[in-house]
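The values are calculated or read from the model by the stated rules, or taken from the named source; none is laboratory data. This is a predicted model, so every value here is computed, not measured. Cβ coordinates were reconstructed from backbone atoms using ideal geometry, including for glycine residues, and neighbour counts include every protein chain displayed.
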Amino acid sequence: MIDKEVLAEKELAEITRRMIIYRFKIYSATTILHLALIVTSFVFMITYIVPAFSSNVLVNIIIFTCILCVAFGTAILMGGVFRKSLESLSALTRIPQEHRQRVHAVFTVAYSVPILLFYFVPPFLPGWYSYAWFLALIVSNTIVYFFYERAMNKYVPDLKLKIYLTWTLSAALSTPILAAAIIVAPSKAWAVAFVLYFLTVALASLREVWSAERIL
């Protein structure tokens with residue numbers, strides 16, 4: 001009787017562990033989709049909406065404030081969910097406290113410094129500002145992979161998180177298509193960057209969901 005109870009407890013613990021890992025992987029898959037919406041909203045606003053109302057400062061301020069509030073509100077909500085998900089995962093694993101504290105710094109630096117640098121450099125290609133964000137995000141997600149994703153897989157081997165690696169590789173491999181668009185039709189390069197971005201994000205997200213389903 002005792003052996004059966006112990007076995008049942010072990011099975012329940014294993015199911016709980018798998019569900020927590022599954023939830024974390026699904027959250028990771030949806031996070032990059034939300035990030036895609038935030039990034040593309042900002043790019044579309046800066047590149048097209050603001051210039052359309054360039055003569056009306058008040059309208060520009062209102063548009064910028066509204067989109068900024070939505071973006072930051074979404075980021076705060078995602079951050080709260082991420083924190084709870086990471087705490088649940090940490091409770092069952094050996095993720096050090098210093099790594100959990102470092103995660104937020106990694107994401108903050110990764111998604112701010114490269115983008116700022118790419119937009120502060122003088123444009124050296126036609127239509128640079130309309131697609132520089134795509135190239136900057138390749139650098140951003142490379143940083144996230146090396147300083148976040150690899151560490152998570154080290155502390156939780158069963159996690160097998162590869163969403164940032166998948167996106168970085170697929171985006172990097174798609175840059176020749178963007179380069180061709182810049183050469184042939186610079187004014188349409190932004191549209192090519194948008195399509196490539198959403199295709200590579202979808203690929204990375206679907207791959208992570210598929211990986212999560214294999215855990216159950």
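Could we say that Thr31 is modelled with pLDDT under 75, surrounded by 14 or more Cβ atoms within 10 Å (Cβ to Cβ) and closer than 28 Å to Leu206 by Cβ here? Answer is no for this residue. The helices (runs of 4 or more DSSP H) found entirely in the stretch 79-178 that carry 2 or more residues being of a type in the set (S, T, N, Q) and either touching a residue at least 12 places away in the same chain (Cβ under 8 Å) or buried (at least 18 other Cβ atoms within 10 Å of the Cβ) (or both) are 128-144.
When the residues of the stretch 179-192 are filtered to those that are surrounded by 15 or more Cβ atoms within 10 Å (Cβ to Cβ) and out of contact with any Phe, Trp or Tyr (no Cβ under 7 Å at 6 or more places or on another chain), the one that is nearest to Val109 (Cα to Cα) is Val192.
Could you please let me know if Arg214 is surrounded by 14 or more Cβ atoms within 10 Å (Cβ to Cβ), more than 21 Å from Ser130 (Cβ to Cβ) and free of Cβ contacts under 8 Å to residues at least 60 places away in the same chain? No, not satisfied. Report, by residue number, each residue of the stretch 152-185 that is aromatic (Phe, Trp, Tyr) and within 19 Å of His99 (Cα to Cα). Residues satisfying the conditions are Tyr155, Tyr164. Here are some conditions: (1) at negative phi; (2) in contact (Cβ under 8 Å) with a residue 24 or more places away in the chain. Ile183 meets all but one. Which one does it not meet? All conditions pass for Ile183, except number (2). Here Arg207 fits the description: within 17 Å of Thr31 (Cβ to Cβ), over 13 Å from the mean Cα position of the chain (by Cα) and not small (Gly, Ala, Ser). Of everything in the stretch 193-206 that is among the aromatic types (Phe, Trp, Tyr) and crowded, with 17+ Cβ neighbours inside 10 Å, the residue that is nearest to Ser130 (Cα to Cα) is Phe194.
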